[in-house]
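Any read-out appearing in this document is the output of simple, stated calculations on the displayed coordinates, not a laboratory observation. Model, not experiment: these values are computed from the prediction. Because the Cβ atoms are built from the backbone with ideal geometry, glycine has one as well, and the counts that use them run over all protein chains shown.
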Amino acid sequence: MKDSIKVLLVDDHRLVQDGIASILEHAEGISICGKCNSGEDAIGLARTLHPDIVLMDIVMKGISGIEATRWIKESDRSVKVILLSMEVRKEFVSAGIKSGIDGYLPKDSSQETLLEAIRQVYRGERYFTEAITKLIFEDFYLKEKGEKKHERKFTESLTQRESEILELVAKGIGNKDIAESLFISVRTVETHKTHILDKLGLKNTAELIKYAIKHQIISID
């Protein structure tokens with residue numbers, strides 16, 4: 001169908017993927033342009049298939065759905081992403097918003113809710129269930145608003161993600177914990193750290209910490 005909404009389905013559980021596919025195949029105005037079971041494949045297919053919407057599982061082998069979302073959005077902001085999760089967790093939602101998601105749905109949502117979310121996001125709106133909005137988003141946005149008031153100016157040469165990692169490293173947080181908190185791989189953290197050191201002309205973590213204190217990125221209190 002020419003005007004159908006093209007959906008890329010990403011889930012590493014075959015039964016879940018087949019179940020969602022069955023719903024979409026019978027939905028008017030929606031077509032499945034591709035399926036895959038990993039974040040890595042999702043990034044590649046998003047570039048080649050140009051879907052309107054990606055239905056993305058969060059927890060998968062390899063990179064997470066949240067990290068995959070970030071890569072997809074950096075490559076093409078027009079692609080919409082709706083995260084699917086077995087449970088509503090504040091850290092998932094927060095990380096998802098930072099990665100640029102357009103919607104978040106629990107996997108126990110009804111068929112009607114899934115189709116409504118797809119169509120609403122396709123129209124350029126965001127879709128979050130009422131429960132997520134009430135229990136998580138109000139608190140999240142208040143926190144984000146408060147943090148922005150006290151936001152420090154990072155070196156302009158650093159990306160937002162590099163600035164985040166710079167602050168975490170300077171606070172003495174290990175690579176593994178940083179990776180888990182940002183839903184990225186340890187290797188990705190190490191790569192970002194290397195880029196940060198190169199951009200700032202620093203040699204090691206000790207110099208990075210001194211830099212962070214000097215520029216008031218962290219406090220020594």
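Side notes on the structure shown:
- Taking the C-alpha atoms only, the angle from helix 65-75 to the longest principal axis of the chain is near 90 degrees.
- If you wrap the tightest convex hull around every Cα atom of the chain and split its volume per residue, you get 131 Å³.
- Residue of Lys61, Lys80, Lys203 that the Gaussian network model of the chain assigns the largest fluctuation, springs spanning Cα pairs under 10 Å: Lys203
- Zone of Glu40's modelled label, taken as backbone nitrogen in segment 51-91 under 20 Å from a point 7 Å along Cα→Cβ: 56-75
- Added length on full extension, which subtracts the Cα-Cα distance from 0.36 nm per residue, Gln120 to Ser31: 30.5 nm
- Label point distance in nm, Asp3-Asp177, each placed 7 Å from Cα along Cα→Cβ: 5.4 nm
- Shape analysis of segment 5-130 based on the Cα gyration tensor places the equivalent ellipsoid semi-axes at 18, 16, 15 Å, largest first.
- ³J(HN,Hα), Karplus 6.51/-1.76/1.60, whole Hz, each residue of segment 34-41, x for Gly, Pro: x, 9, 7, 10, 8, x, 4, 5
- Label separation (Glu167 vs Ala21): 4.2 nm, computed from points 7 Å beyond Cα along the C-beta direction.
- Between the amide H of Gly100 and any residue lying 5 or more places away or on another chain, no distance stays under 5 Å, with hydrogens modeled in the peptide plane.
- Of Lys35/Lys193; Lys171/Lys203; Lys61/Lys193; Lys80/Lys176; Lys61/Lys171, pairs whose Cα-Cα distance is over 26 Å: Lys35/Lys193; Lys80/Lys176; Lys61/Lys171
- Distance from segment 181-221 to segment 1-26 (C-alpha centre basis), Å: 41 Å
- Linear extension gain, Gln216 paired with Thr48, 0.36 nm per residue minus alpha-carbon span: 56.2 nm
- Förster radius 30 Å - calculated FRET efficiency between Lys203 and Arg77 (Cβ-Cβ, nearest 0.05): 0.25
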